[in-house]
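Laboratory data are not the source of any read-out in this text; all were calculated from the coordinates shown. Everything numeric here is computed off the predicted structure, so don't read it as measured data. Heads up, the Cβs are rebuilt from the backbone with ideal geometry, glycines too, and the neighbour counts pull from every protein chain shown.
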Amino acid sequence: MADIVNLRQFKKQKARAERETRADQNRALHGRTKAEKQRDQVTAERAEKFVDGHRRDPEKADR
């Protein structure tokens, strides 16, 4: 026999799980210290300079 499920409770559980997932994503994205943000920014800038410095056609750098 199938289990009887209260749809109202099921919807609430699903909504809670979705909010928790979204909260975890936001914690990972925004829950960083200033030093971590600066480190990531410096790393991205270095990578961009490295790629720009190794282009064959410097005139096409604005692509």
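Measuring how big the chain is from its alpha-carbon positions, Rg and Dmax come out at 23.3, 71 Å. Which one of Asp24, Asp52, Asp40 has the biggest mean-square fluctuation once the chain is modelled by GNM with Cα springs under 10 Å? Judging by the Gaussian network model, the answer is Asp52.
Test of understanding: what is the full-extension gain from Ala28 to Thr43, defined as 0.36 nm times their sequence separation minus their Cα-Cα distance?
Extra length available between Ala28 and Thr43 comes to 3.6 nm.
Derived scalar couplings between HN and Hα for the stretch 42-55 equal 5, 4, 5, 5, 4, 4, 5, 5, 4, 5, 5, x, 10, 6 Hz in order, rounded to whole Hz, by the Karplus curve 6.51 cos²θ - 1.76 cosθ + 1.60 (θ = phi - 60°), x for Gly and Pro. Computed about its Cα centre, the charge dipole of the chain is approximately 380 debye, with only Lys, Arg, Asp and Glu carrying charge at their Cβ.
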